[in-house]
Structure formats: C-alpha cells, structure tokens
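Colleague: I have a structure here, written as structure tokens, and I will follow up with some questions on it.
The values are calculated or read from the model by the stated rules, or taken from the named source; none is laboratory data. Fair warning: this is a prediction, and the values are worked out from it, not measured in the lab. Reconstructed Cβ throughout: ideal geometry from the backbone, glycine too, with neighbour counts over all protein chains shown.
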C-alpha cells in the first residue's frame, strides 16, 4: 500500500520536473552570441585565465561562517518562547549551545579559522 503510494509520488515528481524543464526549454529565448560564453567581471574584460584556483581556506572559512550563522538564527525563535518552554527548553538550548561550542573548538583545533 505505502510502496505503491511512494512510487506514484516519485513518478509524479519526476513527471512534473520533466514537464517544467520541457516548457522552459520550449519558450525560452535563444541567442547564440560568442560573447555570452565569456567570463563577466564587472563589465571589465578579463585578463588572463578566468578559471583560477582559490585557497581552500576561503571555502572552509565561508562554510564555517554559514554553519554558525544559520545555527545562531535558530536561537531567535527560542528566545521568543523561552518563558513558555520552562526547564526543558533551557536544557535543550544549553545542549544546542554546547554542540555549537564543541564544533567551534574542533574547527579551531584543526586550524580552519587561521589564515595561512
């Protein structure tokens, strides 16, 4: 029973995505200009190669920032209802903050926060 429902849902999702992509391809404007394939950087023509390697430190720092930023956003709804939650809410948010601090300590120990 549930298996057939799951198959129907998955097939429906695949069909809707295929129809949406087909309609978008059919009605989208097409212009083949070689300039569209070039890299665009603030309207200034690029010099040298557009594809260059970045240090992995930039990526790690950005991912860590996003991770802690998004997790910090979860504190705002908790702060709005903290009085209604009681001791259970206090203990659960304490556990949440401990996990955040452990993640920060791990990243700090691994050197992901240092610019080398």
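Let's see how each residue does on (1) in a helix (DSSP H, G or I); (2) under 24 Å from the mean Cα position of the chain (by Cα); (3) under 30 Å from residue 36 (Cβ atoms):
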residue	(1), (2), (3)
62	yes, yes, yes
68	yes, yes, no
72	yes, yes, no
79	yes, no, no
84	yes, no, no
89	yes, no, no
93	yes, yes, no
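Colleague: Here is a further query. If we scan the stretch 39-55, do we find a residue that is part of a helix (DSSP H, G or I) and either over 30 Å from residue 114 (Cβ atoms) or at pLDDT 80 or above (or both)?
Modeller: No - not one qualifying residue is present in the stretch 39-55.
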